[in-house]
Structures are given as C-alpha cells and as structure tokens.
Amino acid sequence: MSTEIKRRIFLKRSLAAGTVGVAAAAGLLAPQRVLAAWNKEAFEAKELPAALNALLGSSDMADSADITVKAPDIAENGAVVPITVETGMEGVESISIIASNNPVPLVANFVMGTGATGFVSTRIKMGKTGDVLGVVKAGGKLHSAKKEVKVTIGGCGG
C-alpha cells in the first residue's frame, strides 16, 4: 500500500471520528436513550416470585386460556429452544418468558407499545426439563400459561 493511500485512509477515519465526536457533544447521539432498560434485580433473581415482583410489581398470576405458549415437546438441544407466546387480550403491557427450572428463571421480558399485538417469538436456553411460562401483563394484572419442555441436552452449562 502506498503512503498516499495510507494517508487518505487515515484522514477519512479521522474525519469520521471527529464527526461522531461533534455529534455526541451536541447531544445528537445519546446511546442511553436507545438502550433498553435492564432490570438487574429481576434478571438475577434465583426464585420466580422475586423475579416477578422486581420486574412487574407482583407475583400473583392467574392461569389464562387466552394465552398460548408454543414450544417443542422435546428440545434436543437446550441451548436453542424456540418459544412463542401469543394472546388476543386487549391492553397487553408486557410479555415475559420464564423457564421454571433454570438457575435464573426469568429469561426475557418484552414491553409492548400501545396497540401492539400480543405476540413474541424467540429462542431461549434451558438447563433441564421444566415448564416454560408465558406471563402476560394486561390491564395491570398478570395472566399466565405454561408448557412443559423436555430437554435432552442442557443449554445452561449442562
């Protein structure tokens, strides 16, 4: 590579870094505004009631036929278990996914915007066989449904 090309690359990168610095100083780039809030206490809780209390303010759930938890009956690899939680309830505020036998049961929480459809789909890790709960917060109350998933190879260090 010639000296002229190296100099041009250096100048382009310096200009790009300077532009990002000016934008950040002007308040145009504010990473803390776009990063999702993380409830450390809830996601590190070892017990389900503590996780729900920290995350949703209550652990009182009512079983609901209006929630569907789709998951495989047998997960051959606990490191990649596809999960879908769906509901037709009105006013869904959030949907949480819990793997009851994981060392840390709260796996995910999705905060829904106004008018959002009550549907989430993701892949989770499961350490061993257990129930997967879908917890839907709607109208200030918690509703849940569960599905047992048998894990043949654990994904949480098992």
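A cut-off under 12 angstrom between Cβ atoms defines the neighbours of GLU93, and their net charge, with Lys, Arg +1 and Asp, Glu -1, is +1.
Please get the size of the charge dipole for segment 38-151, origin at its Cα centre, with Cβ charges of +1 on Lys and Arg and -1 on Asp and Glu, quoted in debye to the nearest 20. Let's see the in-between values first.
Working: 11 positive and 13 negative charges, 61 e Å.
Here segment 38-151 has a charge dipole of around 300 debye.
Excluding residues fewer than 8 places away in the same chain, name every one of the aspartates and glutamates whose C-alpha is closer than 15 Å to that of LYS70. LYS70 reaches GLU86, ASP131, GLU148. With a ≥ b ≥ c the root eigenvalues of the C-alpha gyration tensor of segment 38-151, is it rounded (a/c under 1.5), prolate (a/b larger than b/c) or oblate? It comes out oblate by the Cα gyration axes.
Oblate is the label for segment 41-91. Its Cα gyration tensor axes, ordered a ≥ b ≥ c, give a/c of at least 1.5 and b/c at or above a/b. Taking amide H positions as modeled 1.01 Å from N, with prolines and chain starts lacking one, the residues under 5 Å from ALA108 and 5 or more places away or on another chain are ILE97.
Each value in this text was obtained by applying a stated rule to the coordinates, not by laboratory testing. The model shown is predicted, which means the values in this text are computed figures rather than measured ones. Please note: Cβ atoms are built from the backbone with ideal geometry, for glycine as well, and neighbour counts cover all protein chains shown.
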